[in-house]
1. By how many degrees, between 0 and 90 and to the nearest 10, does the Cα long axis of helix 122-133 differ from the longest principal axis of the chain?
2. How much of the pair distance distribution for segment 89-226 lies past 26 Å, counting alpha-carbon pairs only, in percent?
3. Reported to two decimal places, what Rg/Rh ratio describes segment 97-136 when computed on Cα atoms with Rh from the Kirkwood expression?
4. For the peptides 331-337, 150-156, what is the packing order when you average, over each peptide's residues, the other Cβ atoms within 10 Å and list the highest mean first?
5. Round to the nearest 10 and give me the degree value, 0 to 90, for the angle of helix 207-224's Cα axis relative to the longest principal axis of the chain.
6. Explain nothing, just the number: dipole magnitude of segment 117-262 about its Cα centre with +1 on each Lys and Arg Cβ and -1 on each Asp and Glu Cβ, in debye rounded to the nearest 20.
7. Please list the equivalent ellipsoid semi-axes of the chain, computed as the square roots of five times the alpha-carbon gyration tensor eigenvalues, in descending order and whole angstrom.
8. Find the lysine pairs in the chain meeting two conditions, Cα atoms under 25 Å apart and a separation of 8 or more places or different chains, and report how many there are.
Amino acid sequence: MNGPVLNAPEDSEAVLRVEGLQRHFTLPRESLFRAPETVYALNGVDLSIRRGRSLGVVGESGCGKSTLARLCMALDTPTAGRVEILGQDLARLPAREMRRARAQFQMVFQDPYGSLDPRHTVRRIVGETMDALVPGNGNSNGKSGRSIEREEAVGLAIDAVGLRANDLDKYPHEFSGGQRQRIAIARALVTRPSLIVADEPVSALDVSVQAQVLNLMQELQQDFGVTYMLISHDLGVVDYVCDEVAVMYLGRIVERASRRQLFAKPAHPYTQALFDAVPRIGAGRRRRTTLPGNVGSQTRQAAGCAFADRCPKAQSRCTGEAPELRKIDNGHMASCHFA
């Protein structure tokens, strides 16, 4: 069953396009005599993902990865900027059109234990996406064309993720963590979306199960042509699954490149520090880059580079002039004056 498809511009292969995206949160006022503080979660993010490709977004906790994911899924409203899916600006879609459009972009959450309703069967969990998003579907017990189509779509989604038909009437507590995440993937897949955003999809799973789920995601991409945005803090997961990588720091993309380029020669000092922190078997004794201090405050915006206070290459220019995300090689971009 194919969900409603938004009309993508013929001159563009981008399924997702983000331009100048900002998200600022106002904190509760701590005192009557002090203005409330603002958290600058995202500060002008630009990115795009071509059809059938996978983009990994990496960075430390608090860098804005999950906020970016929520904005791309229209689960939150940007302070500024725009999110386009298949050429349509989500913020400009009327509520009725947004409901139809949501069939084309779905999300897989981090926790397979908390993201599935324990009171519902797998049949209902997977099918409720169609009930909510695809016009004309509902919890009908009759054998109408819509209900038959729904059952067929649910069955195909369950089969695609490697579960059996007799699993449809079971409850989440009857499955392992890896199987629950397969159910969550089936729920996202049932409307045949163009884009799936996966927020740390394997971080809650045992290491032995992680590879199985990642292999499944790659197989589904080949079979259904789905486009992925993968949020992760695990460079190994990103290296295994993604075609391109964007590195975030304090609400900004500081480096973006193909997976091969980034893993072969990271250009930004922050990316180099991330790679340097990964243990390597058989690497022997090696000198590691140690970053001083902690991640900077999100309640203030630095005049220069946000990474300057921790950067081993920082000079006076870095504290007064914010670097632009610029091309340093073919398709390789970094926001550093000395990349």
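Taken together, the values in this text are just the output of simple stated rules run on the coordinates, not laboratory data. Bear in mind that the values here come from a model prediction, so they are computed numbers and not experimental data. No Cβ is skipped: glycine too gets one built from the backbone with ideal geometry, and neighbour counts run over all protein chains shown.
1. 80
2. On the way: 1986 of 9453 pairs.
That tail contains 21 percent of the Cα-Cα pairs.
3. Working: Rg = 11.5 Å, Rh = 11.4 Å.
On the Cα set of segment 97-136, Rg over Rh gives 1.01.
4. 331-337, 150-156
5. 70
6. Working: 16 positive and 20 negative charges, 60 e Å.
My answer is approximately 280 debye.
7. 37, 23, 19
8. On the way: Lys65/Lys265; Lys65/Lys327; Lys143/Lys170; Lys265/Lys313; Lys265/Lys327; Lys313/Lys327.
Lysine pairs meeting both conditions in the chain amount to 6.
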